[in-house]
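To start, the structure itself, in structure tokens.
The values are calculated or read from the model by the stated rules, or taken from the named source; none is laboratory data. Everything numeric in this text was worked out from a predicted model, so none of it was measured. Virtual Cβ from ideal backbone geometry, glycine too; neighbours counted across all protein chains shown.
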Amino acid sequence: MGRKMMKRQAILRSSTSTVPKHARKSCANKEAQTQVICPTGTLKLSACTNGMHSLKLETVAVMITSSKKCQEITEKRNGDINADTSRHLKDCVKWLTSFFKGEPALLSLHRPALCPEIFNHGNFRSKVWCILEEQVKFGRTVSYGELAEMCGSPRASQAVGSAMRNNPLSLIVPCHRVILSSGKSGNYSGGTMNDTKIWLLDHEKTFKASDTIH
């Protein structure tokens, strides 16, 4: 097998991984998956009995629908499902449905439980994820530098960028809300989903402007 072919296969393997390598080795529990069709494409959800492991945009929609048509989210279950993992996945699907509809119910919904083995590492990356999820709410944005300051490390904007690139829980940990200091949206998923990021930001601004979600 030629070097080019081997390199291509390695890229394909890495691109289909839904959970960062460090996270996959952190939890010994079996995972179950759900695929959700949403306005931006196909989302793949993964959870164990303790909570969510990942939420990744697996397939990008050819044409993203307008915010007024964000009504339908269909769900397809597969994998090792039991009562606890099913509950976590159902909670996440419910949260996503409210997110894409821009429903006021999103305000009262607790975010889906996260597996502590995946997210409570006590390192800077986990700290960035937690602060972003807790403090940068629907319709708001923050720059990489501002988020670094919020995490107590004002010079760590590059480390914040690395945390965004390795975020296993898109939307719930809203890396799309982290933008450039110039006010431009910046890259999303390594620059491969920039249109998706712009759509998500516009989607949130639409409902924030109408006072649906604060």
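The table below lists the values:
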| read-out | value |
| --- | --- |
| Residues (hydrophobic (A, V, I, L, M, F, W, C) and crowded, with 18+ Cβ neighbours inside 10 Å) located in segment 98-110 | Phe99, Phe100, Leu106 |
| Residues of segment 153-202 classified as among the hydrophobic types (A, V, I, L, M, F, W, C) and free of Cβ contacts under 8 Å to residues at least 40 places away in the same chain, total | 8 |
| Qualifying residues in segment 45-60 (those that are farther than 16 Å from Asp91 by Cβ and touching a Lys or Arg at 6+ places or on another chain (Cβ under 7 Å)) - the one modelled with the highest pLDDT | Lys56 |
| Selection from segment 171-204 of residues that are of a type outside the set (Val, Ile, Thr), under 25 Å from Gly51 (Cβ atoms) and in contact with a Phe, Trp or Tyr (Cβ under 9 Å, 6 or more places away or on another chain) | Leu171, Pro174, Cys175, His176, Arg177, Leu200, Glu204 |
| Residue check, Thr97 in a helix (DSSP H, G or I), under 15 Å from the mean Cα position of the chain (by Cα) and at pLDDT below 90 | yes |
| Filtered residue count, segment 111-139, keeping only those that are farther than 19 Å from Arg177 by Cβ, out of contact with any helix residue (DSSP H, G or I) (no Cβ under 7 Å at 6 or more places or on another chain) and exposed (fewer than 15 other Cβ atoms within 10 Å of the Cβ) | 3 |
| Residue count, segment 193-211 (criterion: among the β-branched types (Val, Ile, Thr) and either over 15 Å from the mean Cα position of the chain (by Cα) or at positive phi (or both)) | 1 |
| Answer residue from segment 70-94, given it is modelled with pLDDT under 85 and among the hydrophobic types (A, V, I, L, M, F, W, C) and is surrounded by the most Cβ atoms within 10 Å (Cβ to Cβ) among those | Cys70 |
| The lone exception for Phe138 - which of (1) at pLDDT below 95; (2) outside any loop (DSSP other than H, G, I, E, B) it fails | (2) |
